[in-house]
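Since the structure comes first, as structure tokens, the remarks are kept for the end.
The values are calculated or read from the model by the stated rules, or taken from the named source; none is laboratory data. Because the structure is a prediction, the values reported are computed rather than measured. Counting neighbours? That spans all protein chains shown, and the Cβs are built from the backbone with ideal geometry, glycine included. Ligands, DNA and RNA are excluded from the accessible area calculation, which covers all protein heavy atoms including side chains. Shrake-Rupley method; radii C 1.70, N 1.55, O 1.52, S 1.80 Å.
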Amino acid sequence: MRLSEHPILDFDRGERITFYYNGQEIEGYTEETIAAALHAAGIRRLGHSHELGRPRGLFCAIGNCSSCFMTVDGEPNVRVCVTKVQAGMRVEEQEGKGVIRND
Amino acid sequence: MIRDVEVLVIGGGPAGLCAAAAAASLGAHVLICERDYVPGGQLVKQTHKFFGSEKQYAGDRGIAIGRRLIEEAHQNPNIEVLTEATVIGIYEDGIVTVFHRNQHIKIRPKRTIITTGASEKFLAFPGNDLPGIYGAGAVQTLMNVAGVKPAEKVLMVGAGNIGLIVSYQLLQAGVEVVGIVEAAPRIGGYLVHASKIRRAGVPILTGHTVKEAYGKDKLEGVIVCKLDEKFQQISGTEQDIPCDTLCLAVGLTPLTELCWQAGCEMAFIRELSGHVPLVDENLETTVPGIYAAGDVSGIEEASSAMVEGRLAGYAAAGSLGYEPEKAHERREAAAAELSELRSGPTGEKILAGLEKTAAKLAARKGEAKGC
Amino acid sequence: MLIQTGIPSAEDILTVTPSEERFAKGPVAIAECFQKIPCNPCMMACAKKAIRVEPDINQTPRVDFDVCNGCGVCLTRCPGLAIFIVDKTYSDTEALIKLPFEFLPLPKEGQLACGLNRAGEEMGWFPVVKVIPGSKTNKTCTICLAVPKDLAMEVRNIRAGGYQDGR
């Protein structure tokens, strides 16, 4: 849920767009990070631990802790808390640790 | 290609922006590297009014102070702000490498001021990895920067300034705060913040801690319990608190990776909240030409970070030959401001920490002479 | 105790309370600031120099009740939202208290708001006499609330929302 009014702040969210989370269409705004847009849609589980498969969410939301790694447009280990969402972006829960591309 | 820079400021938060403004005011050319899309650091989410004196813009909201500092940086022809620019290395030959929008840049600065700030600490308890357990600063980012309602029902851990302030801001965003749990027997943050949320009906449970968190795919509730005077959990005092979010405001730790990498001598100083670079009265580290200011050299209030930034900026520009007399004068004035901010009971801890770093530095100099 | 609960004690409050003689002369600022922290915007805000934070910014503020006229400028400047204006001369039975307020929705003038004490406990429903919006940059609103005189030093907040119409 997004805040519609606030006693101190006004929000400039940019343009409304749609993107995909695990194939599901989600609403976002161009000035939002992927994590914020997912959170606004009620999605808190962003990934899972490698060994036990325990659910994982964000922790710091400013790019320090790496708890929010996801696969974005095929690129693994993207910190979605500091990456802005774009129209048509494909955001997916990551399987495994990701592979470094050689290009 | 290597780019030559007079003063490189790493991190565009309150300390970095003030360091840049100070150095630029004396005539030095400054490049600020900021990893985020916008400079301002954590000021961009501080909706409360700042303490201190008018020299640190006291009475103004953190966001307004941030806007002012950013505006000043953008208008100053001696300052260039590079955003989406993460400094990833400081090498022995003085080269600094930066990852900037998928490009690798090399910089050769004459002076470097490290103002990388801090990160939030974590807390050990069963279930602490569940989605819905967030740093208090993270929740602040979600609600105050993105404008996303971060939760319906929050339990806050930590009654320091961050825990108290974020609790208040959660109320402002229309979120229910069920309480604040604090392990210490007393409130650590400013009591005016505590009174503000208490009179809004939020209880503060001192001498309590989180025993465990539970939930299937995300947080559903938290078991809290009382602590004895030795901080041991008292069995039989458990309380089950249903909530969808647990905020951890259990302190910050300096973000010192670049200091370590640059070879700055480091020391663990409890009062400064972790490993910090040893700095002298100019905030210069043991690596000549590299300065550290703000939370990276010890966790303190943003008002102090701003003054530290200015102090380092004047010292760095002065050492490059820019108006040395004026630089000295202004450095002294900044030092006096810091002394004033730290002169009361709330400054005792930081002063104790700084005394320890000074002693370590002195011992180091003594050893060097001995060789 | 304040340091454990966030609630100032009756003794704490007594140290910042003016005399009944002073109350009888009109509105006055009550600075409920009990901890030495580096802060002095209240002093800078007062045009009459009625508030002193001396000798350095780590002292708690002292309001000179003989100089203060209860104008309320300090109330919106205080970063801790710890200053309140109390006017016991408002009517025969009621005092007018001015509270800093930073929540939505705001009440409308004439509505009743649920008054809360320093512990956040309900003290009753009281008429909102005036709502002074915050400035564009400051944003802190001032709520003027008419309360029975004996609650003038008790009511320190209103519950946001749920306002009732009429007296």
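Just wondering, is there one or more residues in the range B:196-203 that are touching a residue at least 12 places away in the same chain (Cβ under 8 Å), within 19 Å of C:I3 (Cα to Cα), more than 9 Å from chain C (Cβ to nearest Cβ) and buried (at least 24 other Cβ atoms within 10 Å of the Cβ)? Step through it out loud before you land on a result.
Taking the range B:196-203 first, the residues touching a residue at least 12 places away in the same chain (Cβ under 8 Å) are B:196-197, B:200, B:202-203.
With the extra rule that they be within 19 Å of C:I3 (Cα to Cα), the set shrinks to B:196-197, B:200, B:202-203.
Going one step further and asking which of them are more than 9 Å from chain C (Cβ to nearest Cβ), we end up with none.
There is no residue in the range B:196-203 that is touching a residue at least 12 places away in the same chain (Cβ under 8 Å), within 19 Å of C:I3 (Cα to Cα), more than 9 Å from chain C (Cβ to nearest Cβ) and buried (at least 24 other Cβ atoms within 10 Å of the Cβ).
If you go through the range A:54-85 one residue at a time, how many are in a loop (DSSP other than H, G, I, E, B), under 19 Å from A:E27 (Cα atoms), out of contact with any Lys or Arg (no Cβ under 6 Å at 6 or more places or on another chain) and more than 10 Å from every other protein chain (Cβ to nearest Cβ)?
Total satisfying the criteria: 2.
How many residues does the range A:86-103 hold that are outside any loop (DSSP other than H, G, I, E, B) and open to solvent by less than 90 Å² (accessible area, probe 1.4 Å)? Don't jump to the end; show me each part of the working.
Here is the first cut: in the range A:86-103, the ones outside any loop (DSSP other than H, G, I, E, B) are A:90-92.
Those still in the list that are open to solvent by less than 90 Å² (accessible area, probe 1.4 Å) too: A:91-92.
The total comes to 2.
Restricting attention to the range B:50-67, and to residues there that are over 18 Å from the mean Cα position of the chain (by Cα) and outside any helix (DSSP H, G or I), which single residue is surrounded by the most Cβ atoms within 10 Å (Cβ to Cβ)?
Here the residue is B:G59.
Name every residue in the range B:181-194 that is closer than 16 Å to C:M1 by Cβ and open to solvent by less than 10 Å² (accessible area, probe 1.4 Å), in order of residue number.
Matches in the range B:181-194: B:I187, B:G189, B:A194.
Has the range C:35-54 got any residue that is in contact with a strand residue (DSSP E or B) (Cβ under 7 Å, 6 or more places away or on another chain), in contact (Cβ under 8 Å) with a residue 40 or more places away in the chain and within 14 Å of another protein chain (Cβ to nearest Cβ)?
Step one: list which residues in the range C:35-54 are in contact with a strand residue (DSSP E or B) (Cβ under 7 Å, 6 or more places away or on another chain), which gives C:38-39, C:42-43, C:50-52.
Right, trim to in contact (Cβ under 8 Å) with a residue 40 or more places away in the chain and you get C:39, C:42.
When the remaining residues are screened for being within 14 Å of another protein chain (Cβ to nearest Cβ), the result is C:39, C:42.
Yes: the range C:35-54 contains one or more residues that are in contact with a strand residue (DSSP E or B) (Cβ under 7 Å, 6 or more places away or on another chain), in contact (Cβ under 8 Å) with a residue 40 or more places away in the chain and within 14 Å of another protein chain (Cβ to nearest Cβ).
What is the one condition in (1) away from every other protein chain (no Cβ under 11 Å); (2) open to solvent by less than 40 Å² (accessible area, probe 1.4 Å); (3) over 26 Å from C:C39 (Cα atoms) that B:V166 does not satisfy?
B:V166 satisfies every listed condition except (3).
Quick check: is even one residue across the range C:101-118 open to solvent by 60 Å² or more (accessible area, probe 1.4 Å) and assigned to a strand (DSSP E or B)?
No, that holds for no residue.
Please tell me if C:I143 is of a type in the set (V, I, T) and either open to solvent by 10 Å² or more (accessible area, probe 1.4 Å) or within 14 Å of chain B (Cβ to nearest Cβ) (or both). Quick ask: steps written out before the conclusion?
On the way: of a type in the set (V, I, T): yes; either open to solvent by 10 Å² or more (accessible area, probe 1.4 Å) or within 14 Å of chain B (Cβ to nearest Cβ) (or both): yes.
Yes.
What are the residues in the range A:42-55 that are more than 11 Å from the chain's Cα centre (by Cα), open to solvent by 50 Å² or more (accessible area, probe 1.4 Å) and in contact (Cβ under 8 Å) with a residue 12 or more places away in the chain, if any? First the steps, then the outcome.
Quick first cut of the range A:42-55, residues more than 11 Å from the chain's Cα centre (by Cα) only: A:42, A:48-55.
Narrowing further to those that are open to solvent by 50 Å² or more (accessible area, probe 1.4 Å): A:50-52, A:54.
Within the range A:42-55, just A:H50 meets the criteria.
Out of B:T86, B:T47, report the one residue that is under 18 Å from the mean Cα position of the chain (by Cα) and open to solvent by 20 Å² or more (accessible area, probe 1.4 Å).
On the way: B:T47 fails: open to solvent by 20 Å² or more (accessible area, probe 1.4 Å).
That would be B:T86, the only listed residue that is under 18 Å from the mean Cα position of the chain (by Cα) and open to solvent by 20 Å² or more (accessible area, probe 1.4 Å).
Would you say C:R77 is open to solvent by 40 Å² or more (accessible area, probe 1.4 Å), of a type in the set (D, E, K, R), in the same structural domain as C:D12 (by TED's automatic domain parsing) and touching a Gly at 6+ places or on another chain (Cβ under 7 Å)? Break it down stepwise before answering.
Numbers: open to solvent by 40 Å² or more (accessible area, probe 1.4 Å): yes; of a type in the set (D, E, K, R): yes; in the same structural domain as C:D12 (by TED's automatic domain parsing): yes; touching a Gly at 6+ places or on another chain (Cβ under 7 Å): yes.
Yes: the conditions hold for C:R77.
Since B:I105 meets every condition but one in (1) closer than 30 Å to C:A31 by Cβ; (2) in contact with a Leu (Cβ under 9 Å, 6 or more places away or on another chain); (3) open to solvent by 10 Å² or more (accessible area, probe 1.4 Å), which condition does it not meet?
(1)
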